[in-house]
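Some notes on the structure that comes next.
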Amino acid sequence: MDPSKSNDDDRPEAAEARQPQPLEWRFAQVFGERAAGEDVQEVDIISAIEFDKSGDHLATGDRGGRVVLFERTDSRDSTSRSELERQDYPIARHPEFRYKTEFQSHEPEFDYLKSLEIEEKINKIKWCQTANNAIFLLSTNDKTIKYWKVQEKKVKRVSVMNLDTSQSSDNGTVSSSSSSSSRALLPNGGCSEKLYNCPNKDLSFPPGGCASLRLPVVVTGQDLNLVARCRRVYAHAHDYHINSISNNSDGETFISADDLRINLWNLEISNQSFNIVDVKPANMEDLTEVITCAEFHPTHCNTLAYSSSKGSIRLIDLRQSALCDNHAKLFEEHEAAGSRSFFTEIIASVSDIKFARDGRHILSRDYMTLKLWDLNMDSGPVATFQVHEYLRPKLCDLYENDSIFDKFECCLSGDGLRVATGSYSNLFRVFGCTPGNAEATTLEASRNPMRRQVANPTRPARTLTSLTRALRRGGENLGVDANGSSYDLSTKLLHLAWHPTENSIACAAANSLYMYYA
């Protein structure tokens, strides 16, 4: 090897040239795939997705108040990944998940004091620390948070019934069900023949009852059954709709946020919470912004961030005061003078924030962009990614059909090198966020995720007549993006999550859960 060449590779210019290659995403799995033309029930639409810290479990919530759990099946092999790498075996497997269990987390309710219906829709799910081979998670709808324990229990069954020995076999099962079902057994072993008019006089018991009483015997079998049990209910603490919950790194507390307040809870205490942020003005007419999302720092238990409808992110320190009216840091981007319009504040509203695993960066999503913020630099974002810039000229139409108020989520890869968020037409975008990395991939939630990436030069250019025909056929929800591809505002990919340790993404398209790997 030429030594001068190796010296060149160590220079900063060469290091910058060695940017990570764009990932090639492949389809892994789909759960609840919809057949062509099949109608989707409103209650089946997925409204929340969350991986646990290990990445071995995945939870989804839907608008029907159900929580569905999936577990990873390929990570329980005896040979570890590092051992396979050491032996030079190719690792071609992708992460595989299977259905584990599901349970009804919330039911529809009615607030009689406010004459208000409370939807059962699951807004957020957060995993808690595992203990004794049981998994724990928090789920919330608009008003009530619940703490769930899911554990495998051995199935108990009755092996010997309290029946007459002449009518039962040795193992306690009934040999003549027709005769036993025609009479009612009394506590002392007698039979109320008058009530049931027993035709068989041989079944009558002496007036004193039986000399011995045979009690049912319950035995525990070897079969395991997953049981979900609600351990605690945290209710009556929010006047407005809960938009986020977040676990603290101390493993003991969590926060819940609504439009105007953030409350701090202890997992073990369900009847008391502490209000730590309150942005409600004395006069509601003076209200200018609301809280849209809140999240604890991944490692500092005293630090949390919350975003607002004005596009700002505030970092607060719980050690400063009991009620954190003053923020420790404020992150916001000021628009250029003269660029304001009627829609400026609407599209600036932050719909989701996520801390990077290292705790150094925050990712935020507003209607048009993803922004990456450095906690040590509050002058502006370190990177901004345009998600669907082709919609900017159509903001008026988006406002008319309420699409401009859609709340898209965002996520970061575990290594912090990439970010992802959803868009319309069941598309989602993946961006490289390291300096100099221009990776920007558009993927579709389907079995062929790279379909939108393939350039097709043989396709004829769309004429004006064919374009208007497509628009007329699709109604007001169809349009054309900057590349000439049609987009559909009715199919939106709002919810997605990145596996904590691997390049694997789970995303929700209506009632279907799609999973991809790279």
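Structure notes:
- For P449, the criteria (1) open to solvent by less than 30 Å² (accessible area, probe 1.4 Å); (2) more than 24 Å from D44 (Cβ to Cβ); (3) modelled with pLDDT under 90 hold in every case but one, which is (2).
- Residue count for region 358-393 under the criterion of being part of a strand (DSSP E or B) and of a type in the set (S, T, N, Q): the result is 4.
- When restricted to residues that are of a type in the set (S, T, Y) and more than 13 Å from the chain's Cα centre (by Cα), region 37-55 contains 1.
- Residue within region 231-253 that is part of a strand (DSSP E or B), within 15 Å of I145 (Cβ to Cβ) and of a type in the set (D, E, K, R) present: yes
Yes or no, residue by residue, for (1) surrounded by 12 or more Cβ atoms within 10 Å (Cβ to Cβ); (2) outside any strand (DSSP E or B); (3) touching an Asp or Glu at 6+ places or on another chain (Cβ under 6 Å); (4) not basic (K, R):
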residue	(1), (2), (3), (4)
E117	no, no, no, yes
E120	yes, yes, yes, yes
K126	yes, no, no, no
I135	yes, no, no, yes
L138	yes, no, no, yes
K143	yes, yes, no, no
W148	yes, no, no, yes
Q151	yes, no, no, yes
R157	no, no, no, no
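- Test: residue in region 392-413 that is in contact with a Lys or Arg (Cβ under 8 Å, 6 or more places away or on another chain) and open to solvent by 50 Å² or more (accessible area, probe 1.4 Å): no
- Here R183 passes the criteria (1) assigned to a strand (DSSP E or B); (2) at pLDDT below 95 except the one numbered (1).
- Listed by first and then second residue, the pairs with beta-carbon distance under 8 Å, at least 6 apart or on different chains, first residue in region 90-115 and closer than 18 Å to H238 by Cα and open to solvent by less than 40 Å² (accessible area, probe 1.4 Å), second of a type in the set (D, E) and modelled with pLDDT of 95 or more, are H106/E120.
- Strands (runs of 3 or more DSSP E) lying entirely in region 268-341 (those with 3 or more residues that are open to solvent by less than 90 Å² (accessible area, probe 1.4 Å), in contact (Cβ under 8 Å) with a residue 60 or more places away in the chain and more than 18 Å from N247 (Cβ to Cβ)): none
- Checking K492 against (1) farther than 21 Å from I49 by Cα; (2) open to solvent by 30 Å² or more (accessible area, probe 1.4 Å); (3) at pLDDT 60 or above, the condition it does not meet: (1)
- From the options D366, D352, D378, residue that is surrounded by fewer than 19 Cβ atoms within 10 Å (Cβ to Cβ) and of a type in the set (D, E): D378
- Test: T442 is assigned to a strand (DSSP E or B) and closer than 30 Å to V30 by Cβ: yes
The values are calculated or read from the model by the stated rules, or taken from the named source; none is laboratory data. All figures in this text were calculated on a predicted structure; none of them were measured in a lab. We place every Cβ from the backbone using ideal geometry, glycine too, and count neighbours over all the protein chains shown. The area values use the complete protein model at the heavy-atom level, side chains included, leaving out ligands, DNA and RNA. Shrake-Rupley method; radii C 1.70, N 1.55, O 1.52, S 1.80 Å.
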